[in-house]
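What follows is one structure encoded as structure tokens, with my remarks underneath.
The values are calculated or read from the model by the stated rules, or taken from the named source; none is laboratory data. Just so it is clear, the model here is predicted, and its values are computed rather than measured. Note that each Cβ is placed from the backbone with ideal geometry, even for glycine, and that neighbours are counted across all protein chains shown.
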Amino acid sequence: MPPALEEAGTLVVGASQAGVQLAASLRQLGDTAPITLVGAETHPPYQRPPLSKEFLAGTATQDGLAFRNTSYYADHDIELVCGERVVDVALPAGNRPGLARTSSGRELPFARLALTVGARPRRLDVPGADLDGILYLRDLDDAVALRDRLTDASRVVVVGGGFIGLEAAAAARAQGKDVVVVEAADRLVGRAVAPVVSDFLRQAHERRGSTVLLSTGVVGFRGTDGRVDGVLLADGRALPADLVMVGIGVVPRTELAEQLGLECDGGIVVDAHARTSAPSVVAAGDCTVLPHPLTGEGRVRLESVPSAVAQATLAAATLVGREATTRSVPWFWSNQGDLKLQIAGLSTGFDEHVVRGDPDTESFSVLYYRSGALLAVDAVNAPADYLAVRKALTQEIALPAEAVADAGTPLKTLLTAPTA
Ligand SMILES: Cc1cc2nc3c(=O)[nH]c(=O)nc-3n(C[C@H](O)[C@H](O)[C@H](O)COP(=O)(O)OP(=O)(O)OC[C@H]3O[C@@H](n4cnc5c(N)ncnc54)[C@H](O)[C@@H]3O)c2cc1C
């Protein structure tokens with residue numbers, strides 16, 4: 001017998017960065033209704049960023065990745081259900097609670113629903129793509145498989161020169177592997193950074209011994225006895241490989257939202273309060289597209305921990321009827337071996353940029369502007385510049401382009417007057 005609507009609590013589907021934060025925020029806000037946090041993975045919720053960094057490098061263990069200690073969920077009256085994928089969901093109707101059903105047939109009633117289902121890796125659909133030794137990196141099981149395979153591999157090809165591909169490439173190279181990064185576009189991390197940073201990353205990875213092939217498509221894989229031994233390129237070449245890591249982006253998981261008739265447009269569409277097109281359903285994290293967090297204009301999809309945390313916090317407030325509007329500056333980091341890239345703000349649409357410092361020293365930053373207004377910074381091994389720009393964006397303090405070019409002047413000394 002399902003509970004009455006008023007006894008059913010919140011169901012959070014997806015037990016990762018956004019889902020855990022949402023459940024924790026509900027409790028911090030004093031919500032005492034039942035919370036069920038259901039996740040498809042068998043592991044208790046864990047952090048993903050170290051998977052392509054410390055975990056692959058062998059300096060972090062599986063146990064060290066957990067978000068919370070094992071007693072946290074029970075201590076906060078959060079029912080954590082691991083290893084159950086929700087396959088069907090129906091919203092509350094009248095006095096009848098909503099109902100989610102998992103692939104094992106388990107039924108989870110709810111009064112309020114939060115979708116924090118994240119994204120899946122985009123698959124490379126070419127001949128030979130199912131050969132053994134071609135791996136992706138999204139979850140802990142992927143990372144364990146990749147780390148194990150890396151031990152015996154000598155020739156590693158990374159398909160995709162985005163953040164995760166470059167982080168994995170750095171970890172493999174640091175272990176002495178022969179590494180080739182193959183990128184279809186004409187520069188690395190093209191969606192997130194300016195050409196000057198893309199060029200720097202290419203040179204820096206090449207200095208460390210990796211080969212970077214730009215404007216190079218992969219058309220298939222070659223194998224022997226079911227195991228990959230080569231990557232076939234569009235220009236007719238074949239790269240020898242005993243391990244391939246594909247990192248060509250992610251696809252937001254929208255299937256449950258679509259089942260519920262929620263608006264989706266390259267992700268689950270949410271407003272500035274993390275509310276979907278159904279007012280009783282919130283969504284947060286990598287599965288969403290949201291209004292630009294600083295300007296409110298247009299829709300963006302942000303695949304990052306800080307964004308998932310900020311949005312999940314808003315979603316919890318919305319669920320308890322305390323809609324909050326916070327101006328949160330997006331930020332992101334990527335550690336590629338000893339290269340530490342930090343980004344604050346969104347540089348999309350910039351019409352001017354200023355490079356502070358010399359990229360050849362491997363410590364510099366790039367500040368982006370549109371119509372004279374500061375948009376963002378990419379800082380490579382330059383944490384002080386990153387922090388100063390993040391503060392400027394948060395507190396709406398002007399940092400005029402003409403004032404920042406001299407790398408000898410610390411940016412924090414320019415942080416004085418608020419923007420008019
Ligand atoms: C290798 C790697 C490195 C990264 N490095 C960085 C970094 O350095 N900095 C940074 O800011 N970000 C980084 N990210 C991105 C960051 O981890 C994500 O933005 C963040 O995890 C998003 O959290 P999420 O909860 O929205 O989604 P996810 O972490 O994808 O979690 C969604 C969860 O929902 C579960 N799920 C999906 N559908 C269902 C269903 N129907 N039923 C039940 N459960 C379901 C999934 O199994 C998954 O566990 C990295 C990501 C990866 C993969």
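See the values below:
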{"item": "Any hit, the range 274-286, residues being in a loop (DSSP other than H, G, I, E, B), modelled with pLDDT under 95 and within 13 Å of the chain's Cα centre (by Cα)", "result": "no"}
{"item": "Total residues in the range 287-301, condition within 16 Å of the ligand (Cβ to nearest atom), of a type outside the set (D, E, K, R) and assigned to a loop (DSSP other than H, G, I, E, B)", "result": "2"}
{"item": "Residue in the range 384-404 that is farther than 20 Å from Gly296 by Cβ, in a loop (DSSP other than H, G, I, E, B) and touching a helix residue (DSSP H, G or I) at 6+ places or on another chain (Cβ under 6 Å) present", "result": "yes"}
{"item": "Selection count where residues are of a type in the set (A, V, I, L, M, F, W, C) and either assigned to a strand (DSSP E or B) or touching a helix residue (DSSP H, G or I) at 6+ places or on another chain (Cβ under 6 Å) (or both), scope the range 249-273", "result": "5"}
{"item": "Subset of the range 1-49 that is touching a Phe, Trp or Tyr at 6+ places or on another chain (Cβ under 6 Å) and more than 13 Å from Ala114 (Cα to Cα) - its residue that is modelled with the lowest pLDDT", "result": "Ala8"}
{"item": "Subset of the range 50-79 that is near the ligand (Cβ under 9 Å from one of its atoms) and in contact with an Asp or Glu (Cβ under 9 Å, 6 or more places away or on another chain) - its residue that is farthest from Val305 (Cα to Cα)", "result": "Leu56"}
{"item": "Spans of strands (runs of 3 or more DSSP E) in the range 109-218 with at least 1 residues within 16 Å of Gly247 (Cβ to Cβ), of a type in the set (A, V, I, L, M) and in contact with a Leu (Cβ under 8 Å, 6 or more places away or on another chain)", "result": "134-136, 155-159, 178-182, 211-213"}
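Each row is one residue, and each column tells you yes or no for (1) touching a helix residue (DSSP H, G or I) at 6+ places or on another chain (Cβ under 8 Å); (2) assigned to a loop (DSSP other than H, G, I, E, B); (3) within 16 Å of the ligand (Cβ to nearest atom).
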| position | (1), (2), (3) |
| --- | --- |
| Glu303 | no, yes, yes |
| Ala308 | yes, no, yes |
| Glu323 | yes, yes, no |
| Val329 | yes, yes, yes |
| Leu367 | yes, no, no |
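Here's the yes/no breakdown for (1) out of contact with any strand residue (DSSP E or B) (no Cβ under 8 Å at 6 or more places or on another chain); (2) closer than 23 Å to Leu232 by Cα; (3) away from the ligand (no atom under 16 Å from the Cβ):
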position	(1), (2), (3)
Arg149	no, yes, no
Ser154	no, yes, yes
Ala168	no, yes, no
Asp178	no, yes, yes
Ala194	no, no, yes
